[in-house]
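Since every read-out is calculated from the coordinates, none of them should be taken as a lab result. This one's a predicted model, so the numbers in the text were calculated from it and none came from an experiment. Cβ sites come from the backbone with ideal geometry, for glycine too, and all protein chains shown count toward neighbours.
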Amino acid sequence: MNKAKFVSEITVVDPDTGGDVQIEVYKHENGGMFAIDSSYLEQCFDDDSNPVIPDPFSTTGAKQVMLFNNDAIQLK
């Protein structure tokens, strides 16, 4: 399983509704960065756990990535 480290939370405008949306940006261990809707993470995962989601950089769709929100994780 791959790992991704939290970088920042930013606010963007939803192009469909025009409303503000908070997204969390993560640095993938492969060097790429991706963002995910903060409200999705809040609704689907406990605060005291590291969410595991489908890896957005997987070419097969079978891999997962664990999200970390602290500096304890060392990426490769």
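Sorted fewest first by neighbouring Cβ atoms within 10 angstrom, M1, M33, M66 come out as M1, M33, M66. Counting only DSSP beta bridges whose two residues both lie in the chain, roughly 80 percent are antiparallel. For a label point 7 Å from the Cα of Q43 along Cα→C-beta, name the residues of the range 1-27 whose backbone N is under 13 Å from it. Under 13 Å, as judged by backbone N against the label point of Q43, lie 22 of the range 1-27. Of the residues V21, V12, the one with the fewest other Cβ atoms within 10 Å heads the list, and the complete ranking is V12, V21. Structural descriptor for the chain: relative contact order 35 percent, calculated from alpha carbon pairs under 8 angstrom and at least 6 residues apart.
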